[in-house]
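A.B. asks: What follows is a structure written as structure tokens; I'll ask about it next.
The values are calculated or read from the model by the stated rules, or taken from the named source; none is laboratory data. Because the structure is predicted, anything quoted here is derived from the model rather than measured. Neighbour counts run over all protein chains shown; Cβ positions are idealised from the backbone, glycine included.
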Ligand code: NAP
Ligand code: ZN
Ligand code: ZN
């Protein structure tokens with residue numbers, strides 16, 4: 001076995017603390033990765049606190065992983081020692097269902113294998129994530145980080161990047177389309193940069209005025225602070241596509257009126273409580289309410305290459321592993337500009 005060092009939560013109420021554990025020796029198709037950086041996604045916090053149902057402990061969170069290949073199994077053909085690589089939100093899937101066969105493995109009908117807070121396909125071996133120094137992953141679930149993209153800035157693309165790239169491309173954000181991003185956090189700020197690069201007209205809907213300058217610098221064409229409820233009248237019927245990245249419970253009723261006839265609001269944020277809606281704003285203008293989860297392995301690679309081509313990188317603050325608990329508090333207060341990334345070489 002391979003010795004690994006990381007930080008883990010032992011229960012929903014405990015802080016993250018140093019934790020030693022073991023990774024499997026590489027099987028034929030496995031890649032052993034020295035983790036250099038791991039982003040902090042709000043989903044890590046929801047799961048550490050067991051907000052989405054019973055979590056598995058000890059939990060080593062982290063699914064925005066960037067590192068360098070240390071070793072490869074005997075039949076690995078895609079990667080070699082020294083390659084810069086990434087791992088995102090899942091490390092396996094059934095590989096045989098209709099979703100997996102269509103390169104939509106994030107929607108595996110048997111459920112994809114989460115990078116952490118999950119069990120391997122054997123149903124009993126827990127998975128441990130990227131707040132650690134090494135990980136072993138099947139080559140088919142490893143991503144290539146394009147040349148020239150620094151590893152610390154690559155990490156958040158593996159979840160935040162693809163979670164916005166997937167719905168933006170699926171619902172065809174591009175020239176002539178008005179797109180709004182709700183919430184300028186880790187996901188939201190990647191949404192602004194990607195939607196802009198796709199050629200859409202981009203608006204940020206933020207719950208205060210504090211991030212206005214940042215949003216415009218990131219490429220948003222417009223910034224709307226939703227603390228003034230008048231804006232819901234001013235922008236009524238304005239957008240083709242709205243993507244909701246907000247991590248908290250908000251009044252969704254306000255937002256559907258902002259869509260045009262046939263417009264779509266896609267939710268990617270996952271608060272701990274249900275979001276209720278009244279059908280009227282949907283039925284009156286044939287609007288759609290949709291959801292989207294991360295992206296496929298194929299799409300994640302496409303997104304990495306797209307970001308490299310368009311020079312898109314996240315705004316990050318690099319921290320040490322011993323600062324993670326403080327960082328969580330700051331994320332909860334919307335006080336992160338715009339993604340924390342842990343330097344895992346300091347573990
Ligand atoms: P984040 O960095 O904390 O950003 C969330 C943003 O929501 C904040 O920056 C803030 O933006 C807004 N917000 C927070 N509290 C609010 C409140 N009380 N009222 C209104 N707005 C509020 O989180 P993240 O990492 O981007 O993740 C966002 C959500 O997406 C989380 O729930 C996460 O679990 C989920 N997620 C889903 C997927 C998926 O595949 N669907 C993937 C990753 C994450 P403003 O200050 O601009 O309003
Ligand atoms: Zn995530
Ligand atoms: Zn499947």
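A.B. asks: Looking at the structure I just gave you, is residue 192 surrounded by 24 or more Cβ atoms within 10 Å (Cβ to Cβ) and either touching a strand residue (DSSP E or B) at 6+ places or on another chain (Cβ under 6 Å) or modelled with pLDDT under 95 (or both)?
C.D. replies: yes
A.B. asks: Here are 5, 27, 36, 75: which of them is in contact with a helix residue (DSSP H, G or I) (Cβ under 8 Å, 6 or more places away or on another chain) and modelled with pLDDT of 95 or more?
C.D. replies: Step by step, each of 5, 27, 36, 75 is checked, and only 36 is in contact with a helix residue (DSSP H, G or I) (Cβ under 8 Å, 6 or more places away or on another chain) and modelled with pLDDT of 95 or more.
A.B. asks: Among the candidates 99, 55, which residue alone is assigned to a loop (DSSP other than H, G, I, E, B) and surrounded by fewer than 24 Cβ atoms within 10 Å (Cβ to Cβ)?
C.D. replies: Within the list 99, 55, the selection yields 55.
A.B. asks: Any residue in the stretch 278-294 that is modelled with pLDDT of 95 or more sitting within a Cβ distance under 7 Å of a residue that is assigned to a loop (DSSP other than H, G, I, E, B) and within 16 Å of ligand 2 (Cβ to nearest atom)? List the pairs, counting only those 6 or more apart or interchain.
C.D. replies: What qualifies is 292/268; 294/88; 294/89; 294/159.
A.B. asks: For the stretch 285-334, enumerate the residues that are within 16 Å of ligand 2 (Cβ to nearest atom) and assigned to a strand (DSSP E or B).
C.D. replies: Of everything in the stretch 285-334, those that are within 16 Å of ligand 2 (Cβ to nearest atom) and assigned to a strand (DSSP E or B) turn out to be 291, 316.
A.B. asks: Another question about this same structure. For residues in the stretch 79-92 being more than 18 Å from residue 24 (Cβ to Cβ) and in contact (Cβ under 8 Å) with a residue 24 or more places away in the chain, which is farthest from ligand 2 (Cβ to nearest atom)?
C.D. replies: 83
A.B. asks: In the stretch 126-160, which residues are within 19 Å of residue 95 (Cα to Cα), in contact (Cβ under 8 Å) with a residue 60 or more places away in the chain and outside any helix (DSSP H, G or I)?
C.D. replies: Result: 136, 137, 138, 142, 143.
A.B. asks: Considering 76, 69, 32, which residue is away from ligand 3 (no atom under 16 Å from the Cβ), crowded, with 16+ Cβ neighbours inside 10 Å and without any contact (Cβ under 8 Å) to a residue 40 or more places away in the chain?
C.D. replies: Going through 76, 69, 32 in turn, just one is away from ligand 3 (no atom under 16 Å from the Cβ), crowded, with 16+ Cβ neighbours inside 10 Å and without any contact (Cβ under 8 Å) to a residue 40 or more places away in the chain: 69.
A.B. asks: With respect to residue 73, is the statement that it is in contact with a strand residue (DSSP E or B) (Cβ under 8 Å, 6 or more places away or on another chain) and either within 16 Å of ligand 1 (Cβ to nearest atom) or over 30 Å from residue 246 (Cα atoms) (or both) true?
C.D. replies: yes
A.B. asks: Condition (residue is surrounded by fewer than 21 Cβ atoms within 10 Å (Cβ to Cβ), within 16 Å of ligand 3 (Cβ to nearest atom) and part of a helix (DSSP H, G or I)) applied to the stretch 110-121: is it met by at least one residue?
C.D. replies: no
A.B. asks: Hey, can you tell me all the residues within the stretch 161-189 that are in a helix (DSSP H, G or I) and surrounded by fewer than 21 Cβ atoms within 10 Å (Cβ to Cβ)?
C.D. replies: Of everything in the stretch 161-189, those that are in a helix (DSSP H, G or I) and surrounded by fewer than 21 Cβ atoms within 10 Å (Cβ to Cβ) turn out to be 169, 170.
A.B. asks: Continuing with this model, one more query. Among all residue pairs at least 6 apart or on different chains, which show Cβ distances below 7 Å where the first residue, located in the stretch 98-112, is within 17 Å of residue 167 (Cβ to Cβ) and the second is part of a loop (DSSP other than H, G, I, E, B) and away from ligand 1 (no atom under 16 Å from the Cβ)?
C.D. replies: Close Cβ pairs (under 7 Å, with a partner that is part of a loop (DSSP other than H, G, I, E, B) and away from ligand 1 (no atom under 16 Å from the Cβ)) amount to 99/109.
A.B. asks: Here are some residues: 299, 329. Which one is surrounded by fewer than 14 Cβ atoms within 10 Å (Cβ to Cβ) and either more than 26 Å from residue 8 (Cβ to Cβ) or within 15 Å of ligand 1 (Cβ to nearest atom) (or both)?
C.D. replies: 329
A.B. asks: Residue 104 versus (1) within 30 Å of residue 189 (Cβ to Cβ); (2) touching a helix residue (DSSP H, G or I) at 6+ places or on another chain (Cβ under 8 Å); (3) within 14 Å of ligand 3 (Cβ to nearest atom): which is the lone unmet condition?
C.D. replies: Unmet condition: (2).
A.B. asks: Name the residue, out of 150, 126, that is farther than 14 Å from residue 66 by Cα and at pLDDT 95 or above.
C.D. replies: Of the residues listed, the single one that is farther than 14 Å from residue 66 by Cα and at pLDDT 95 or above is 126.
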